[in-house]
Amino acid sequence: MDPNRLEFAVKQHENTLYRAALAILADVQEAEDAVQDAFIAYLEKAPDFDGPEHEKAWLIRVTVNGCKSRLRAPWRRRTAPLLETYPAATREEGETLEAVLALPPRERAAVHLFYYEGYRTAEIAAMTGEAEGTVRARLSRARKKLKHLLEDETP
């Protein structure tokens with residue numbers, strides 16, 4: 001593997017992977033570890049890609065799967081996130097971020113990939129290994145929950 005290939009991949013995709021991992025895990029350190037694990041897998045497996053989008057999709061899939069594994073860990077059920085670690089530019093953004101973080105991890109992941117990363121439901125389904133209808137259902141449930149949460153916070 002070309003040593004510059006990993007460096008280029010990190011520069012190109014680390015922010016995207018970090019944001020996706022943070023949306024799923026809701027923990028800064030866990031998200032950083034998940035991204036690091038994805039790049040280690042990239043280095044170890046040295047996969048061949050059809051193009052830059054295929055590389056990005058592969059890295060996101062590895063990151064999402066790693067996040068799912070972390071969420072299944074028994075010790076994770078005994079911790080609580082500190083919301084101070086999620087800065088937002090405005091009060092409204094902070095309220096929205098808190099509402100998104102209140103969603104279950106699978107809905108949070110779907111919302112992040114759809115709204116923040118701009119993927120279509122078919123692409124999200126491919127990345128998460130779920131049916132496209134499942135992704136649409138998760139997004140629909142998440143929208144309803146977010147609407148309810150955000151309406152309750154409005155003065």
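The values are calculated or read from the model by the stated rules, or taken from the named source; none is laboratory data. Since we're looking at a predicted model, the values are computed, not measured. Cβ: placed from backbone, ideal geometry, glycine included. Neighbour counts: every protein chain shown.
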Original post:
Within region 132-144, is even one residue outside the structural domain of R19 (by TED's automatic domain parsing), of a type in the set (D, E) and in a loop (DSSP other than H, G, I, E, B)?
Top reply: no
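Within 22 Å of R106 (Cβ to Cβ), in contact (Cβ under 8 Å) with a residue 24 or more places away in the chain and in contact with a Lys or Arg (Cβ under 6 Å, 6 or more places away or on another chain): does that describe A23? Outline the logic, then answer.
Working: within 22 Å of R106 (Cβ to Cβ): yes; in contact (Cβ under 8 Å) with a residue 24 or more places away in the chain: yes; in contact with a Lys or Arg (Cβ under 6 Å, 6 or more places away or on another chain): yes.
When the stated conditions are applied, A23 passes them.
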Original post:
If you go through region 40-69 one residue at a time, how many are over 20 Å from R120 (Cα atoms) and buried (at least 19 other Cβ atoms within 10 Å of the Cβ)?
Top reply: 3
Subject >> Residue under evaluation R72, criteria (1) more than 22 Å from A125 (Cα to Cα); (2) at pLDDT below 90, criterion not met >> reply: (1)
**OP:** Read through the list (1) modelled with pLDDT of 85 or more; (2) surrounded by 18 or more Cβ atoms within 10 Å (Cβ to Cβ); (3) not assigned by TED's automatic domain parsing to the domain that holds A9, then give the number of the only condition that A34 fails.
**Re:** (3)
**OP:** Tell me which of these T16 doesn't satisfy, since it passes every other one: (1) surrounded by fewer than 16 Cβ atoms within 10 Å (Cβ to Cβ); (2) touching a residue at least 12 places away in the same chain (Cβ under 8 Å).
**Re:** (1)
Original post:
If you go through region 104-121, how many residues are touching a residue at least 12 places away in the same chain (Cβ under 8 Å) and either of a type in the set (F, W, Y) or part of a helix (DSSP H, G or I) (or both)?
Top reply: 12
